[in-house]
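The values are calculated or read from the model by the stated rules, or taken from the named source; none is laboratory data. No experiment lies behind these values; they were computed from the predicted model shown. Methodologically, a virtual Cβ is constructed for each residue, glycine included, from the backbone with ideal geometry; neighbour enumeration extends over all protein chains shown.
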Amino acid sequence: MDNAITTESLTKRFGTFTAVDRLTIEVKRGEIFGFLGANGAGKTTAMRVLCGLSKPTSGRAIVAGHDVAARPDSVKRRIGYMSQRFSLYGELKVWENIRLYAGIYGTPSARIKERSDALLRELDFEEGRDKLVRDLPPGWKQKLAFSVAIFHEPEIVFLDEPTGGVDPVTRRQFWELIYRTAGRGITVFVTTHYMDEAEYCDRVSIMVDGRIAALDSPRALKERLRVATVDDAFKMLARGDASPLYTNN
Amino acid sequence: MNMATVEIDGIVKRFGTVEALRGVSLSVSRGELFGLIGPDGAGKSTLLRVLATLLPADGGKARVEGMDVEKEYRQIRPRVGYMPARFSLYPDLTVEENLQLFATVFHATVEENYALVREIYEHLLPFKKRRAAALSGGMKQKLALCCALIHAPSVLFLDEPTTGVDPVSREEFWRVLGALKRRGITILVSTPYMDEARLCDRVALVRAGRFLDTGTPTEIVERHGRMIWAARGHDMPALLADLRAHPFVESCFAFGDWHHATPSPGASLARLREAMEALGHREVEIRETPPCIEDCFIRFASCQA
Amino acid sequence: MKRPPSPAARLFRAFTLKEFRHIFRDKRTLLVLLGMPVVQIVLFGFAITTEAREARVVLLSPSPGAAERRVTDRLLSSDYFELSAVASSPSAVERALRRGEADVALVFEPAFDERLARDGKARVQLVVDATNPGLAAQFSGHASAIIAAAAVELAGGAPPPLAAETRLLHNPGMKAAYNFVPGVAGFILMLVCAMMTSVSIVREKENGTMDMLLVSPARPWMIIAAKLVPYFTLSCVNLATILLLSVGVLGVPVAGSPGGVVAVSLLFILVSLSIGIFVSTVARDQVVAMLVSGMVLMMPVVLLSGLIFPVENMPPLLEWLSRLIPARWYIAAMKKIMIEGAPLHLVTGEILALAATGAALLLLGLKKFNDRVT
């Protein structure tokens, strides 16, 4: 099987409100998949279901080879997650944070040392090892959080608005990290409100009112809607100025 | 006669050993829509809190509507509408009750100033009996703006009103700001989204407690003083690496579906294209384009550092 | 002609209304706040009634006789004792006590009647299980008094040359209920006023709503005062619940003036409210406010105020420390008025202590609660 994520009519309801409506998508292994949508369109809910944090009401989702409803723990072991809200412990030093997360995923301690050295070298951040995370500039925290989220070599990493409020240079460095990660075969599933970042994805989906209104490569999407940027495509679909290009069934 | 609504002169603010503002100066005229553009931690919120008279500065002077933020803060407050970055209304009160409360707090009534908020509040009317906690992100922002406006202030300080908001709601929000500006309200708004600079009359690029540059978006682009080469090809990540490695390119960053390269002096666009094609890149397109605000920010930031 | 309310009055009304809304919309917290006094009074009351049960008596009577029976009958006919077993040997007595089958053993010396008739005196031993010291004291007190009375009777009515007569004042049934009612009142009022007030102020700091209010023309004292109104009301409801339940359900009479009880309680409510304001100026977030009011305020109230351990029995250091706890003065004053029926002028000391603490904290709190956030 070559898909990192496969969903079939995945639905999540809260009472009478359908947050995710029959989501059917396939995300390929090693792909950078941009998961776009307006506020309240159901992105966060869908992401929580895919991460095994929330049970779907109906439908199926296979993530990293396992059914999220039946075997959420197997899914969780094979994925990494980084949220828009910074997820490292500010009161711990950089290396203590790395060790903590490595320990949570059961990395053998002999390997932690060598791997965390490699991680800091790759980030060009070796001098930061003994700093408290809360003293780091916001951009560094974000990059570090990302590196920690993929420390256990997950099959898929979920990034929930990873670059919110990050300065322009760091934001680009962050995307270079994403590219390198995808190059190593890790699937990247990312949400963002920066539409220029959507252009960096292999494929993007645009969610409107709980449904996928479009799913394509940025270039094909722009061609089909005859617009110059993904930003324009997004606005057309979210406002309902263009009819959905993608049907679930 | 000085017509500046907001005047800041060398404001310094420290939190412990951290210098959040390192002496910033600025003057905003009546009816201007002014943007503070910069990433998190640049000092935007701190400056707005100083101006909203919530935070005393450690140095420098600031005047709002001609009054000193330090000495005359009590007279300033009724004139100012402040919207903090975080949602700061009562989650257990309804939409209506929140608006009513903030009107009363400023000795005003919803009725007398309704015209000012009508356009925004109409979106909220179907939910007026709903508790604020149950609103969506975009609706919360709208309600917060209504509450900041309901006492008819002459100056608005909006701290990152569009952060985490999707592009459609963001566009709508800026349209509302434009309408308020036309009513003569002076607006000082902060944002981390550089592309929103073009929606402001003037902006300050903020980084690490300092202003990198201040002016109209056009002035700032002119001050950048150079054209940018935008490039694209079939394999964007590889193209980025190859462009950076080429001596014709001083620096290069990804910008959506293009890469923006700052050419070295004496570089030739045509020869750069040939070089890239020689490296095996297909569908290579390189063209000269004026820089955008984000290019300027990156360049000024690298000069500062 | 009715004048329109001034802006300040309108503002105050709006704030108060908002506070009541906060409280009434948080149904769970409201339920806890209103239910807690009921639950506490009922629980304490239940614990006391099971505690104030009859003592089970094991009797060892090697040579039964008329005099002996008179002592035994007199003891068992009282409300406090019932016969659970008759032992045949001292070891059987010991076993019954150790197994918890009896609380008290009444042991007559061999040939009790004979000795009494021959020597004019005989010995009877009272053994009390002191696992629960309070109960043991109660049982031995009652038993001694009854036996002493029986002795007088046996001596033919002639009173013994010296006998201590024990009369249990204020609490003739020795019902512990009398002591815990002021304690529970102190605890609950402190909780509602200090903890809830501080948490509700700090919540506004945390949510950022305090900033929104501070940038307005509203003065800080008004924001605070409006917060006090609903919690003051809620405390009054709680006080009424406690007093009605203890009088109506537990049958604890109010010996002193009911007006005095209410007056002292209102004073204590005000003190607790100022504690709440003070805590809110120190605490950064709701967790800190909870911890400060929970650990720093509640624990000493429970431990040092006389709610659980009598203040009189405390080591001097703790006794001295307890003087710093407003609840101690409140509980002391309440005991005096409610149970001893003392007139108000006898609790002047307690009232002064409460008033002084309240005034000091209120001033400190308002001074610290400046209208800028630094």
Condition check: in contact (Cβ under 8 Å) with a residue 12 or more places away in the chain and closer than 16 Å to C:Ile23 by Cα. Does C:Ile242 satisfy that? no
Scan segment B:180-201 and give yes if some residue there is of a type in the set (Gly, Ala, Ser), free of Cβ contacts under 8 Å to residues at least 60 places away in the same chain and not in a helix (DSSP H, G or I), otherwise no. no
Please verify whether segment B:74-96 includes one or more residues that are in a helix (DSSP H, G or I), within 26 Å of B:Leu124 (Cβ to Cβ), β-branched (Val, Ile, Thr) and more than 9 Å from chain C (Cβ to nearest Cβ). yes
Report, by residue number, each residue of segment B:44-103 that is of a type in the set (Asp, Glu) and surrounded by 20 or more Cβ atoms within 10 Å (Cβ to Cβ). B:Glu97
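Residues are listed down the side, and each one gets a yes or a no for (1) within 22 Å of A:Ala213 (Cα to Cα); (2) more than 14 Å from chain B (Cβ to nearest Cβ):
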site	(1), (2)
A:Gly15	no, no
A:Ala19	yes, no
A:Leu23	yes, yes
A:Phe33	yes, yes
A:Gly37	yes, no
A:Ser54	no, yes
A:Thr57	yes, yes
A:Ala61	yes, yes
A:Ala70	no, yes
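Looking at segment A:46-95, which of the residues that are within 19 Å of the chain's Cα centre (by Cα) and of a type in the set (Phe, Trp, Tyr) is surrounded by the fewest Cβ atoms within 10 Å (Cβ to Cβ)?
Keep residues of segment A:46-95 that are within 19 Å of the chain's Cα centre (by Cα), which gives A:46-56, A:61-68, A:72-88.
Checking which are of a type in the set (Phe, Trp, Tyr) leaves us with A:81, A:86.
Values: A:Tyr81: 20, A:Phe86: 18.
For segment A:46-95, the residue satisfying everything is A:Phe86.
Go through segment B:10-43 and report how many residues are among the acidic types (Asp, Glu) and within 20 Å of the chain's Cα centre (by Cα).
Here is the first cut: in segment B:10-43, the residues among the acidic types (Asp, Glu) are B:19, B:32, B:40.
Then keep just the ones that are within 20 Å of the chain's Cα centre (by Cα); that gives B:32, B:40.
Residues meeting the conditions: 2.
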Of the residues in segment B:241-261, those that are within 25 Å of the chain's Cα centre (by Cα) and either among the polar types (S, T, N, Q) or outside any strand (DSSP E or B) (or both) come to B:Gly256, B:Asp257
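Within segment B:266-286, can you find the residues that are outside any loop (DSSP other than H, G, I, E, B) and within 14 Å of chain A (Cβ to nearest Cβ)?
Within segment B:266-286, the first condition is being outside any loop (DSSP other than H, G, I, E, B), and the residues that meet it are B:269-278, B:285-286.
Correct list: B:Glu285 only.
Can you name every residue in segment B:157-179 that is touching a residue at least 60 places away in the same chain (Cβ under 8 Å) and either facing chain A (nearest Cβ under 7 Å) or farther than 21 Å from B:Cys296 by Cα (or both)? Outline the logic, then answer.
Of the residues in segment B:157-179, the ones touching a residue at least 60 places away in the same chain (Cβ under 8 Å) are B:157-161, B:163, B:177-179.
Result: B:Phe157, B:Leu158, B:Asp159, B:Pro161, B:Thr163, B:Leu177, B:Gly178, B:Ala179.
One residue is enough: does segment B:210-225 have a residue meeting the conditions farther than 30 Å from B:Thr109 by Cα and in a loop (DSSP other than H, G, I, E, B)? Give the derivation first.
Step one: filter segment B:210-225 for residues farther than 30 Å from B:Thr109 by Cα, giving B:210-225.
Next, from what is left, pick out any that are in a loop (DSSP other than H, G, I, E, B): B:216, B:225.
So far as segment B:210-225 goes, yes, one or more of its residues are farther than 30 Å from B:Thr109 by Cα and in a loop (DSSP other than H, G, I, E, B).
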For segment A:110-126, state whether one or more residues are touching a residue at least 24 places away in the same chain (Cβ under 8 Å) and among the β-branched types (Val, Ile, Thr). no
Cross-chain or 6+ apart pairs with Cβ under 9 Å, segment B:112-126 first and without any contact (Cβ under 8 Å) to a residue 60 or more places away in the chain and assigned to a helix (DSSP H, G or I), then small (Gly, Ala, Ser) and surrounded by 14 or more Cβ atoms within 10 Å (Cβ to Cβ): B:Glu112/B:Ala103; B:Glu112/B:Ala152; B:Asn113/B:Ala103; B:Asn113/B:Ala152; B:His123/B:Gly138
Which members of segment B:178-195 meet the condition of being touching a strand residue (DSSP E or B) at 6+ places or on another chain (Cβ under 8 Å), surrounded by fewer than 20 Cβ atoms within 10 Å (Cβ to Cβ) and not basic (Lys, Arg)? B:Gly178
Could you check, for segment A:170-181, whether at least one of its residues is within 11 Å of another protein chain (Cβ to nearest Cβ), closer than 16 Å to B:Asp195 by Cβ and either of a type in the set (Val, Ile, Thr) or in contact with a strand residue (DSSP E or B) (Cβ under 9 Å, 6 or more places away or on another chain) (or both)? yes
The condition from (1) buried (at least 21 other Cβ atoms within 10 Å of the Cβ); (2) out of contact with any His (no Cβ under 9 Å at 6 or more places or on another chain) that B:Gly31 misses is numbered (1)
Of residues in segment A:229-245 being more than 9 Å from every other protein chain (Cβ to nearest Cβ), small (Gly, Ala, Ser) and touching a residue at least 12 places away in the same chain (Cβ under 8 Å), the one surrounded by the fewest Cβ atoms within 10 Å (Cβ to Cβ): A:Gly240
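Against the definition (at pLDDT 90 or above, buried (at least 18 other Cβ atoms within 10 Å of the Cβ) and touching a Pro at 6+ places or on another chain (Cβ under 6 Å)), how does B:Ile220 come out, yes or no?
Working: at pLDDT 90 or above: yes; buried (at least 18 other Cβ atoms within 10 Å of the Cβ): yes; touching a Pro at 6+ places or on another chain (Cβ under 6 Å): no.
The answer is no for B:Ile220.
Return the only residue of A:Asp202, A:Asp167, A:Asp216 being buried (at least 18 other Cβ atoms within 10 Å of the Cβ), modelled with pLDDT of 90 or more and among the acidic types (Asp, Glu).
Numbers: A:Asp202 fails: buried (at least 18 other Cβ atoms within 10 Å of the Cβ); A:Asp167 fails: modelled with pLDDT of 90 or more.
It is A:Asp216.
Could you pull out the residue among A:Leu144, A:Leu123 that is away from every other protein chain (no Cβ under 14 Å), surrounded by 22 or more Cβ atoms within 10 Å (Cβ to Cβ) and out of contact with any strand residue (DSSP E or B) (no Cβ under 9 Å at 6 or more places or on another chain)?
Working: A:Leu123 fails: surrounded by 22 or more Cβ atoms within 10 Å (Cβ to Cβ).
Of the residues listed, the single one that is away from every other protein chain (no Cβ under 14 Å), surrounded by 22 or more Cβ atoms within 10 Å (Cβ to Cβ) and out of contact with any strand residue (DSSP E or B) (no Cβ under 9 Å at 6 or more places or on another chain) is A:Leu144.
Which of the helices (runs of 4 or more DSSP H) found entirely inside segment C:48-131 contain at least 2 residues meeting this: touching a helix residue (DSSP H, G or I) at 6+ places or on another chain (Cβ under 8 Å)? Show your work before the answer.
Details: elements: C:66-77, C:90-98, C:112-119.
Correct list: C:66-77, C:112-119.
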Tally of residues being closer than 19 Å to C:Asp26 by Cβ and more than 7 Å from every other protein chain (Cβ to nearest Cβ) across segment B:98-109: 1
Among the residues listed as B:Arg207, B:Arg226, B:Arg244, the single one being among the charged types (D, E, K, R) and touching a Cys at 6+ places or on another chain (Cβ under 7 Å): B:Arg244
Filter result for the condition that a residue is within 14 Å of chain A (Cβ to nearest Cβ) and under 20 Å from B:Phe297 (Cβ atoms), over B:Leu21, B:Leu36, B:Leu26, B:Leu47: B:Leu36
Out of everything in segment A:152-164 that is closer than 19 Å to A:Ile5 by Cα and buried (at least 24 other Cβ atoms within 10 Å of the Cβ), what residue ends up being farthest from the other protein chains (Cβ to nearest Cβ)? A:Ile156
Looking at (1) within 27 Å of B:Lys44 (Cα to Cα); (2) in contact with a Gly (Cβ under 7 Å, 6 or more places away or on another chain), which one does B:His224 not meet, given that it meets all the others? (2)
